[in-house]
Ligand code: SF4
C-alpha cells in the first residue's frame, strides 16, 4: 500500500511539473525543489531516464568539453537518447587529440546531434585577430571563444546538463542535482547528474562500459582544456594545476555571474571546461 501511495505521489508530482512546463517556458526555484524531491533516492540512470523520456525538463542540451571524464555523462545520456543535443565549444585552440576524441565518442556513442560552437568571426577579427589573446588576456579570450558562443546557443534551451561533480571543488560539494540558473530571467534549469559520483565510481563506470579515455590523460593531463592554456600536472599536484598555469585564473568564466552578453549564463555554471 505504501508503495502504491508513493507511486501515486510521484505521478501527481510529475503531472504538476508537466503542467508547469506546458504553461510556462522555463522553471522556477520551486520546480527545482520539486524535481530534487521527486528524484531523491533514484540512481542517476533512473533519474535521467525519467527526465529525458518524459520531457520533464523541456528542451535539454548536454554541455561537454570532451575532456578527461566526459565519456561517462555522454554514455549515460546516449543510452537513453542519442539525439539529445551535445554542445562542444570549438574554440579553435583545442589539442588535435581532443578533436579526435570528440569524433571518436560521437561515433562510438552514436551521438546524432553534436554541435561544435565556434566564436563569432566578426568578434574574433575585432578582438583577437592575431589569435594570441590567450597570451595576454585569457579572460577576454575565454569570453570570445567560450562564454559568448555558449550563451547564444543555450538561449534556445530550457535546461542544460553539466558534468560537475562534488569532489572537484569545495564549492560544489553541496550542489543539488537540480538548480535554477538565477542569472537567466526565464529560469533555465541546470542539471548535475554526476554531482554525487566519486572518482572511484567514475573509474568503475569507465571500465564497466569499456569507454575510451582521452589520449592525453595517460600523458599526464588529468584536466584538459585549450592547448595554449593546458600543461602537464606533476604527481601530487592538484588535477587542475595545469590549467592557465602562471595565471590567477582557474575557470574559463562560463560559470561566473554577470557574464557577458546580458549575463545569460548562470552563476557557478561550469560544464567542466
Ligand atoms: S582556455 Fe585559453 S585558448 Fe581557450 S578560450 Fe580560454 S584563454 Fe582562450
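Which of the residues spanning region 39-50 are over 27 Å from residue 114 (Cα atoms) and surrounded by 21 or more Cβ atoms within 10 Å (Cβ to Cβ)?
Narrowing region 39-50 to residues over 27 Å from residue 114 (Cα atoms): 39-42.
Passing the criteria: only 39.
Which numbered condition in (1) touching a residue at least 40 places away in the same chain (Cβ under 8 Å); (2) surrounded by fewer than 21 Cβ atoms within 10 Å (Cβ to Cβ) is the only one that residue 53 fails?
Exception for residue 53: condition (1).
Quick one: would you say residue 5 is at pLDDT below 90, over 30 Å from residue 208 (Cα atoms) and surrounded by fewer than 14 Cβ atoms within 10 Å (Cβ to Cβ)? Even if it seems obvious, please write down each step before you answer.
Numbers: at pLDDT below 90: yes; over 30 Å from residue 208 (Cα atoms): yes; surrounded by fewer than 14 Cβ atoms within 10 Å (Cβ to Cβ): yes.
Against the criterion (at pLDDT below 90, over 30 Å from residue 208 (Cα atoms) and surrounded by fewer than 14 Cβ atoms within 10 Å (Cβ to Cβ)), residue 5 qualifies.
Quick one: which of 96, 121 is within 30 Å of residue 208 (Cα to Cα), exposed (fewer than 15 other Cβ atoms within 10 Å of the Cβ) and within 16 Å of the ligand (Cβ to nearest atom)?
96
If only one of 106, 115 is surrounded by fewer than 19 Cβ atoms within 10 Å (Cβ to Cβ), on the phi < 0 side of the Ramachandran plot and in contact with a strand residue (DSSP E or B) (Cβ under 7 Å, 6 or more places away or on another chain), which one is it?
Details: 106 fails: surrounded by fewer than 19 Cβ atoms within 10 Å (Cβ to Cβ).
Criteria check complete, one pass: 115.
Could you pull out the residue among 109, 56, 76 that is more than 30 Å from residue 132 (Cβ to Cβ) and at pLDDT below 95?
Working: 109 fails: at pLDDT below 95; 76 fails: at pLDDT below 95.
Answer to the selection: 56.
Conditions tested, residue by residue: (1) without any contact (Cβ under 8 Å) to a residue 40 or more places away in the chain; (2) touching a strand residue (DSSP E or B) at 6+ places or on another chain (Cβ under 9 Å); (3) within 25 Å of residue 114 (Cα to Cα).
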position: 130; (1), (2), (3): yes, no, no
position: 134; (1), (2), (3): no, yes, no
position: 137; (1), (2), (3): yes, no, no
position: 142; (1), (2), (3): no, yes, yes
position: 145; (1), (2), (3): no, yes, yes
position: 154; (1), (2), (3): no, yes, yes
position: 163; (1), (2), (3): no, yes, yes
position: 199; (1), (2), (3): yes, no, no
position: 207; (1), (2), (3): yes, no, yes
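The values are calculated or read from the model by the stated rules, or taken from the named source; none is laboratory data. Bear in mind that the values here come from a model prediction, so they are computed numbers and not experimental data. Backbone-built Cβ (ideal geometry, glycine too); neighbour counts: all protein chains shown.
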